[in-house]
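The values are calculated or read from the model by the stated rules, or taken from the named source; none is laboratory data. Keep in mind that this is a model prediction, so the values were computed, not measured. Cβ coordinates were reconstructed from backbone atoms using ideal geometry, including for glycine residues, and neighbour counts include every protein chain displayed.
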Amino acid sequence: MEEVRVRFPPSPTGYLHIGGARTALFNWIFAKKHNGKLILRIEDTDEERSTQTSIDGIIDGLQWLGLDWDEGPYFQTEFTADHVAAANRLLASGHAYKCYCTKEELERKRETALAEKKREAGYDGTCRHLSAEQVQEKEEQGIPSVIRFRVPERQGTLFYDDEVLGRIERAYSEIEDFVIVRSNGKPLYLLCNVVDDIRDRITHVIRGQDHMTNTTRQVLLYDALQAKIPVFAHMPLTLDLQKRKISKRSHGEVVAVQFYREKGFIPWALCNFLCLLGWNPGTDQEFFSREELIESFDLSRMSRVNSVFNYKPGDAKFFTDPKLIAINEHYLRTMELAELGDLVRKELETENLWDPAYETTRRDWYLATLGLIRDRFHTLKDFTTAGRAYFSDKYAIDPKPLAKNVLKFPELVTWLPQLAERFSVLDTTFNAEETERISRELADELQIKPGTLINGMRTVLTGQLAGPSMFDIVTTLGREKVVARLNDVDRLFAAA
RNA sequence: GUCCCCAUCGUCUAGUCUGGUCCAGGACACCGGCCUUUCACGCCGGCAACACCGGUUCAAAUCCGGUUGGGGACGCCA
């Protein structure tokens, strides 16, 4: 059987956004599923808009997501000779012709057509039937020209069979003679893309529905170049709540892959979310390991309906699609602790909170602590913010619990040190049961609710309103830190 | 405007090809309850959709036609 070869061909004119990442993901899964190859090709023929920063960002983003490729990155501009040769072949075989119409002329024609509101398919064919003499004359005058593809003057429709959408048809008469080479000699996307796909022996072109009109024209190109037409699969698009195509321009960083990296998302969680946009396995399964996704994936289960990225600007709680957050949370609290440990390590390192002992003598403590605190967290960032008190003695006290659980009870300034004193004599018995017993006992003696002591303790020890069971916190932190922090309670009153 | 694609809960979607098991299933979000020293997690329960009209049929979310709605494309961008 023929080797499956797919490609991801981003144009480096901006960062990698989630739509592009989704396209890359589906191609990646497809390649893996069929033991095929994924080719990364940077389509940088638009010299004015292509940037190195963008190239780096795209590659960086793909790597972060864990989407690896088998060949490339190739750069389209390195194959200009191929593209020009193909254009010349088309010219020689009569599949293309030189067009001397100027940009300005065409623009004027377009505008008048638009004004009359009866705009027909593109180019009017002025240069299509130029005689050899006329062409020679123009050449001698040095009039610049572009190369246009000569769309066959056929009755009926052109069609191709899309793996997702079924048969797609379009009347030949609806397809204009499109430009394949600019007047400066630079070949255009439509041609380059086909020439490269032929050279790279691409078998399946999996891309967005926004390419559908390109595909009909490219099918013509494959025929004219006498190459086998690949299988096309047009995926539904991802839109915003206003049903607009998502883009950097109108949506900003929330659609950038980089944003999720900076926000502390787990790369695979983003992939998992993305694969559910326009695809489902036909079962109720929503969480997939890589292997499971590759196993379950099938192009035939791709939806034909555009999906909406449920993002509401200005929402403090749901700063991106709530389902994406939910999926990230799911992974955060169910993934292997060792794996989570590696991800959190990076967070701790950037905050200078990493202790090498977490890899050795304190590894058990490190992983157990992550397991204790992760249930309440949303992203990896929470480990160094809300969870900071577990890894550092310098942590902020949230004003809300400070007021509610501490300042409201001024006597805590003596109660908590009292508690600390009783804790301090505990040695091997400094465990959850004993610390709880002692705390309740003291509350009883002071004739206050245990909650007063417990909640005050939580605020002082972690700076947080909420957290794990208080006595798990106490044992995790250890006697020394607990005693020190409780004794230090007066600083909170002093500061207030 | 022209061509192409699409149409199930607020969002992601199952079900449509092969009509009956669907007074439409799951997930997220939301609401309520349980658990609890806090907040979560977890568990239980609830709210919520077949765009509209007509046709075919004993029977339509499912097939057909139309309407409406949405999207995409219409560059010497990719």
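Only residues that are β-branched (Val, Ile, Thr), within 12 Å of A:Val474 (Cα to Cα) and either touching a residue at least 24 places away in the same chain (Cβ under 8 Å) or exposed (fewer than 13 other Cβ atoms within 10 Å of the Cβ) (or both) were counted in region A:404-457, giving 1. At least 3 residues being at pLDDT 95 or above and surrounded by 19 or more Cβ atoms within 10 Å (Cβ to Cβ) is the threshold, and among the helices (runs of 4 or more DSSP H) wholly inside region A:36-133 those reaching it are A:52-65, A:80-92. Is region A:246-264 home to any residue that is modelled with pLDDT of 95 or more, in contact with a helix residue (DSSP H, G or I) (Cβ under 6 Å, 6 or more places away or on another chain), buried (at least 20 other Cβ atoms within 10 Å of the Cβ) and part of a loop (DSSP other than H, G, I, E, B)? So far as region A:246-264 goes, yes, one or more of its residues are modelled with pLDDT of 95 or more, in contact with a helix residue (DSSP H, G or I) (Cβ under 6 Å, 6 or more places away or on another chain), buried (at least 20 other Cβ atoms within 10 Å of the Cβ) and part of a loop (DSSP other than H, G, I, E, B). The residue of region A:300-342 that is farthest from RNA strand B (Cβ to nearest atom), among those that are of a type in the set (Ser, Thr, Tyr) and assigned to a helix (DSSP H, G or I), is A:Tyr331.
With respect to A:Val489, determine if the residue is surrounded by 13 or more Cβ atoms within 10 Å (Cβ to Cβ), under 30 Å from A:Thr350 (Cα atoms) and away from RNA strand B (no atom under 13 Å from the Cβ).
Numbers: surrounded by 13 or more Cβ atoms within 10 Å (Cβ to Cβ): yes; under 30 Å from A:Thr350 (Cα atoms): yes; away from RNA strand B (no atom under 13 Å from the Cβ): yes.
Yes.
Looking at A:Arg167, A:Arg110, just one residue is without any contact (Cβ under 8 Å) to a residue 12 or more places away in the chain, over 28 Å from A:Pro10 (Cβ atoms), over 36 Å from the mean Cα position of the chain (by Cα) and near RNA strand B (Cβ under 8 Å from one of its atoms), and that residue is A:Arg110. Would you pick out the residues in region A:233-251 that are over 19 Å from the mean Cα position of the chain (by Cα) and away from RNA strand B (no atom under 12 Å from the Cβ)? Scanning region A:233-251 gives a single hit, A:Ala233. Restricting attention to region A:187-214, the residues that are surrounded by 20 or more Cβ atoms within 10 Å (Cβ to Cβ), part of a helix (DSSP H, G or I) and not acidic (Asp, Glu) add up to 5.
Take the residues in region A:60-107 that are among the polar types (S, T, N, Q) and away from RNA strand B (no atom under 16 Å from the Cβ), then tell me which one is farthest from A:Tyr189 (Cα to Cα). Checked region A:60-107; the qualifying residue farthest from A:Tyr189 (Cα to Cα) is A:Gln63.
Could we say that A:Leu274 is within 13 Å of RNA strand B (Cβ to nearest atom) and touching a Lys or Arg at 6+ places or on another chain (Cβ under 6 Å) here? Taking the combined requirement at face value, the residue satisfies it. Out of region A:352-383, which residues are touching a residue at least 40 places away in the same chain (Cβ under 8 Å) and assigned to a loop (DSSP other than H, G, I, E, B)? Once the filter is applied, which keeps residues that are touching a residue at least 40 places away in the same chain (Cβ under 8 Å) and assigned to a loop (DSSP other than H, G, I, E, B), region A:352-383 yields A:Phe377, A:His378, A:Thr379.
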